[in-house]
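J.: The structure's right below; bear with me while I get my questions together.
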Amino acid sequence: MSRCAWHVIAPGALTTVQDLGRVGWRHLGVGRAGALDPASAALANRMVGNPPDAAVLEITLTGPTLALSQPARIALCGAGIDARFDDARTGLHTVPGGRPVDLPAGVLRLGAIRSGLRAWLAVAGGLDVPRVLGSRSTDLRGGFGGLHGQALRSGDALPLGQQPALDPLEPQAPAWWVALDTAPPNASPIRYVPAGDLPARIEAARALATRDWRIDPRSDRQGLRCSGAPIVATLPEQISAPVAPGTLQLPPDGQPIVLLADAQTVGGYPRLGHVISVDLPRLAQLRAGDALRFEAVTADAATLLRRKCDAELARALFAVDDRLRHA
Amino acid sequence: MSDSGVGPRLDTQADTRPDIRFERLADDAWLIAFDAPVASIIDPETNARVHALAARIRAAAPGWLRDLVPAYATLAVFFDLDATDAETARDWLHAQSLDDVADAQASASHVIEIPVLYGGAFGEDLDAVAAELDITADTLISRHCAALYTVAMIGFAPGFPYLSGLDPSLALPRLATPRTRVPAGSVAIGGAQTGIYPRESPGGWRLLGRTPLRLFDPQRASPSLLAPGDRVRFVAIDDDTFARLGPDA
């Protein structure tokens, strides 16, 4: 057992340290942050023997290149990503996702994400950055948490927790793999619960489901911007009110925004409702230019879908445990 | 699972109290909206009721409570979906809200003094604002220091206080083009409000001065200098005092 750090040779497009997010500080303006797909982060952690809230890397679009001075056990979940391992003795190996992979010392090259936008990398022992306000997640807007409060940069040292005793001669992975059965983001509509009090708001909320939208390139972890035929609505001026991950906002230009995990805590744009929690991880996989549609559902339907999704995660976690036991 | 007939009461419910409404903010959050006398303006009494209810809920500390976000006329309550369900949480919250007026009157807040070096390089807009209001810079400073403000809410950035109670004669529209870089500690006016930028960020408010105090530090036990509902007064200081109180002093 020993402690070590990975050396960041190249950071990738936007790679951040995330856990399940920061809770209990929203009244002071501190958002949740955390992995945009908590289930994928939890599943990757389970594959390497970590608790579900261990810190992982969230990879966006293209992954980092990392030098490992010691062996490590890793797992990749979420979108499929080109992953290779450069071993000084045995050459280049493909690193499969959805299962634990034991790596010797060498260079882990995480390349392009093949479909979707984000993947999560867990390492046995977890990423050992300090907890700030109870979480290891990077708060990009606040500039704290994670690794120095920002995305990975070349030259960073990424500290790891207690490492298991491993000494593989070359990358080793089981033949099995486990994945969450998640519908691709553009295969079916993103479901939302419309806000409903004023007639103008009800109408605007309904309009969301009546047209085709595309993802605007200005989207990030704070909000997903949709572009399409604008929703024209005469909504009363609203004084700033709390918002949440999932909140659907309608700015004056009629182009809706879905807030994600890095959402600010209060906002002044009129709210059209909220995207249900089970569909937020699907939004995390949409790229600029991708098409999407919305579909209105009831809050009760959202609850049922949440239970189904929790059961699906429990099934996947059980499948991982079962395979590890019989390995 | 879809319901194409989206009814007007899909995520709200009729309450026995006509002046508050419960709206679903997220799968794991309720928004309690208070009807202010005029919905679009900032009403201090309504805001006091929000803080009183927030204090009452925080004191009761139900096991499922995850976050509580008071704003001007609304209060968000985030709950743990593994520990309760939305209806149970709403019923409990509704019961708490029945007697908030008494709380609002009883609640006592302490006053926090914020030292400010007004004008010069630290308050780039001071002279222009004074000229626009047709008063002297000294009058502007004394009016800004005379008021007792309330932290109506914290948002925009960690630790950014939205302060109500600005002398109405000092209300000014925001800059047409926001600055790309407002220094940390900047004390500013935006519309009928005043506030303090905790961290360097873009911003469109008019800059009057700067405080040497650190508004937000995630490493502190109390990360934010100010909490929602706190009372605040500004105190004008000189360069020497600023240097003495500064974060590097």
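J.: Could you size up the charge dipole of the protein assembly as shown around its Cα centre, putting +1 on the beta carbon of Lys and Arg and -1 on that of Asp and Glu, and report it in debye to the nearest 20?
T.: Approximately 1200 debye in magnitude.
J.: Using only the Cα atoms of chain A, what are the Rg and Dmax in Å?
T.: 20.4, 69
J.: Could you give the angle, 0 to 90 degrees to the nearest 10, between helix A:38-47's Cα long axis and the longest principal axis of the Cα atoms of chain A?
T.: 10 degrees
J.: In addition: Name the residue, out of A:HIS148, A:HIS93, A:HIS27, whose mean-square fluctuation peaks in a Gaussian network model built on chain A with Cα pairs under 10 Å.
T.: In this elastic network of chain A, the residue with the biggest mean-square fluctuation among A:HIS148, A:HIS93, A:HIS27 is A:HIS27.
J.: Rounded to the nearest Å, what's the spacing between the alpha carbon centres of region A:1-71 and region A:140-190? Just the number, please.
T.: 5 Å
J.: Another question about this same structure. If you take the Cα atoms of region B:80-201, find Rg, then find the Kirkwood Rh from the mean of 1/r over all pairs, what is Rg/Rh?
T.: 1.11
J.: Give, as a single signed number, the net charge of other residues whose beta carbon lies under 14 Å from the beta carbon of A:ARG136, with Lys and Arg counted +1 and Asp and Glu -1.
T.: Here the charged neighbours net out to -2.
J.: Moving on to the next point. By how many nm would the segment from A:ILE9 to A:GLN70 lengthen if fully extended, with 0.36 nm per residue of separation less the alpha-carbon distance?
T.: Gain on stretching A:ILE9 to A:GLN70: 20.4 nm.
J.: Ok, one more. Counting only helical runs of four or more DSSP H residues, what would the 222 nm mean residue ellipticity of the protein assembly as shown come to if each run contributes -39,500 (n - 2.57) and the total is spread over all its residues?
T.: Calculated mean residue ellipticity at 222 nm is -6000 deg cm²/dmol.
J.: OK, next. Check which residues have an amide H placed less than 5 Å from A:ALA195's amide H, if you skip close sequence neighbours.
T.: A:GLY273, A:HIS274
J.: Given a 10 angstrom Cα cut-off, can you work out which residue in B:ARG231, B:ARG49, B:ARG179 is the most mobile in a GNM of chain B?
T.: B:ARG179
J.: What ranking of B:THR241, B:THR46 comes out by heavy-atom accessible area, probe 1.4 Å, highest first?
T.: B:THR241, B:THR46
J.: If you average the alpha carbon positions of region B:51-89 and of region A:206-245, how far apart do those two centres end up, in angstrom?
T.: If you average the Cα positions of each part, the centres end up 26 Å apart.
J.: Same structure, new question: Around B:ARG174, under 14 Å between beta carbons, what's the net of Lys plus Arg minus Asp minus Glu among the other residues?
T.: So the environment of B:ARG174 carries a net charge of 0.
J.: Quick one: ranking A:TRP176, B:TRP92, B:TRP205 by accessible area, 1.4 Å probe, largest first, what do you get?
T.: Heavy-atom accessible area, descending, gives B:TRP92, A:TRP176, B:TRP205.
J.: Grab the alpha carbons of the protein assembly as shown, take their convex hull, and tell me the volume per residue in Å³.
T.: So the per-residue hull volume is 156 Å³.
J.: On a 0 to 90 degree scale, rounded to 10, what angle separates helix A:299-325 from the longest Cα axis of chain A?
T.: Value to nearest ten degrees: 10.
J.: If you don't mind, another one. Across region A:222-230, in residue order, what do the Karplus-derived ³J(HN,Hα) couplings come to in whole Hz, using 6.51 cos²θ - 1.76 cosθ + 1.60 with θ = phi - 60° and x for Gly and Pro?
T.: Each residue of region A:222-230 in turn: 7, x, 9, 8, 9, 10, x, 4, x Hz.
J.: Could you report the buried accessible area between B and A, both sides summed, computed with a 1.4 Å probe and given in Å² to the nearest 100?
T.: Summing both chains' loss of accessible area gives about 4100 Å².
J.: Moving to a separate point now. In a shell of Cβ-Cβ distance under 13 Å around A:LEU292, excluding A:LEU292 itself, what net charge do Lys and Arg (+1) and Asp and Glu (-1) give?
T.: Net of charged neighbours comes to +2.
The values are calculated or read from the model by the stated rules, or taken from the named source; none is laboratory data. Everything numeric in this text was worked out from a predicted model, so none of it was measured. Backbone-built Cβ (ideal geometry, glycine too); neighbour counts: all protein chains shown. Heads up: the accessible areas ignore ligands, DNA and RNA and are worked out on the full protein's heavy atoms, side chains in. Shrake-Rupley method; radii C 1.70, N 1.55, O 1.52, S 1.80 Å.
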